[in-house]
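Taking it in order: structure first as structure tokens, then the write-up.
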Amino acid sequence: MAQNPINSVHFDPLLASGPGGLSCPDSYWASTIASPPQINPALTGTSQTDVGIIGGGYTGLLTAYYLATEFNIHATVLEANQIGFGASGRNAGFVLKGSGRLGYGQMANRWGLDTAKGIYSEFSQAVERVSDLIKDNKILCEPQQPGYLKIAHNAKAFKQLEQAAKFITRELGGQAELIPLKQLTNEYMAHNQAYGALRLEDGFGVNPLKLVLGYKQRVEARGIKIYENSCVEHWIEEQGKHRLITEQGELLAKRVVSADNAYTPKRFSPRVDGKFLPILSNIIVTEPLTGLRRLGQWAYYHYGWLRDRYG
């Protein structure tokens, strides 16, 4: 498979044949890494493993970690480029409960209260798990203080947040505080398009690249092999076994975890072909804001906040 130019960091999943041969982007997050970690060697020759994991982001690394620590299963991670190349190393750094078009009350109306409670519990445990991983493994990824704001962009959205706060506290047993506009302006941000906000207590922000590199260290400390610059070009199944073929080597696995998401090559395997919808997002950063500018124009930056455009 033809590789992309090594000096390019652009990957279009709708056009590119595969994600290999790319260097990590010169992003803001990358600029915060004082000493970039050494890149692991590529897979060469033929190796065997219980579970072959395609993709070295959060999902791939933690799958390998938990397979080893909780089930004593040997896994091997194949990363097409370098750990932190993809979305795990260049996202907005929010560690939050899942968000979407349906609120918990709407979920309860559609599927029942028990289902809404279960989803809320899963989301809460996920945030707690990341927090515990950071603390227990002493990962230096600059976690912010807990709590984040969901900003209403019109009066209807603020009413929906008010209903959400009541449902979360009364029905789900969670903590949610409705923030009127005056309080939002005085204590958090002066947002000229805001109508108020909902404050949730357990989300937080991190440096996402430092987090994924911290996961890499923890995984390798368990003796788990991570091969970088090892783009899987072919995934072949033969007699219940799997052959993951890279440019320089081959990994034989009893089972495979596809953790490459939008970076899955085209015509890769019937198991995953056509099952991903790539989503493009953009993030901007500013220079550090002074106290006056921060209070007068934007936000108290130790909090994560988002504006929900649904509804």
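Bear in mind these aren't lab numbers, they're just calculated from the coordinates by the rules spelled out. The structure presented is a predicted model; accordingly, all values stated were derived computationally and were not measured. Every residue, glycine among them, receives a Cβ derived from its backbone with ideal geometry; neighbour counts consider all protein chains shown.
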Anisotropy class of segment 54-116 from Cα gyration tensor, a/c 1.5 cut: oblate
Distance (nanometres) between label positions extended 7 Å along Cα→Cβ at ALA190 and LYS135: 3.7 nm
Ranked THR286, THR246, criterion: other C-beta atoms within 10 Å, fewest first: THR286, THR246
In degrees, nearest ten, helix 58-71 long axis to first principal axis of the chain (Cα): 70 degrees
Average projected area [Cα convex hull, segment 188-239], square nanometres: 9.1 nm²
For segment 178-294, fraction of C-alpha pairs farther apart than 16 Å, in %: 78 percent
Estimated distance in nm for a label pair at THR59 and ASP273, the labels positioned 7 Å out from Cα along Cα-to-Cβ: 1.9 nm
Mean shadow area of segment 113-224, taken as a quarter of the surface of its Cα convex hull (nm²): 8.9 nm²
Interatomic Cα distance distribution for segment 16-72, bins of 5 angstrom, percent: 4, 11, 16, 22, 22, 14, 9, 3
Percent of alpha-carbon pairs separated by more than 13 Å within segment 103-164: 73 percent
THR32/LYS266 FRET efficiency (R0 45 Å; Cβ-Cβ; nearest 0.05): 0.85
Long-range amide H partners of GLN48 with built H, under 5 Å: LEU252
Cα centroid separation, segment 164-212 to segment 89-155 (Å): 11 Å
Segment 87-134 - Debye-derived log10 I(q)/I(0), Cα point model, q = 0.31 Å⁻¹: -1.11
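Between SER281 and ARG101, 0.36 nm times their residue separation minus their Cα-Cα distance comes to what?
63.0 nm
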C-alpha long axis of helix 155-170 to longest principal axis of the chain, angle in °: 80 degrees
Additional length obtainable on full extension of the chain from HIS153 to ILE39, 0.36 nm per residue less Cα span: 36.6 nm
Likely footprinting exposure, MET189, MET107, fewest C-beta neighbours within 10 Å first: MET107, MET189
Ascending count of other beta-carbon atoms within 10 Å, so fewest first, for PHE276, PHE123, PHE11: PHE276, PHE123, PHE11
Cα gyration tensor shape for segment 23-133, rounded if a/c is under 1.5, else prolate or oblate: oblate
Crossing angle, helix 113-136 versus the chain [Cα axis fit, 0-90 degrees, rounded to tens]: 70 degrees
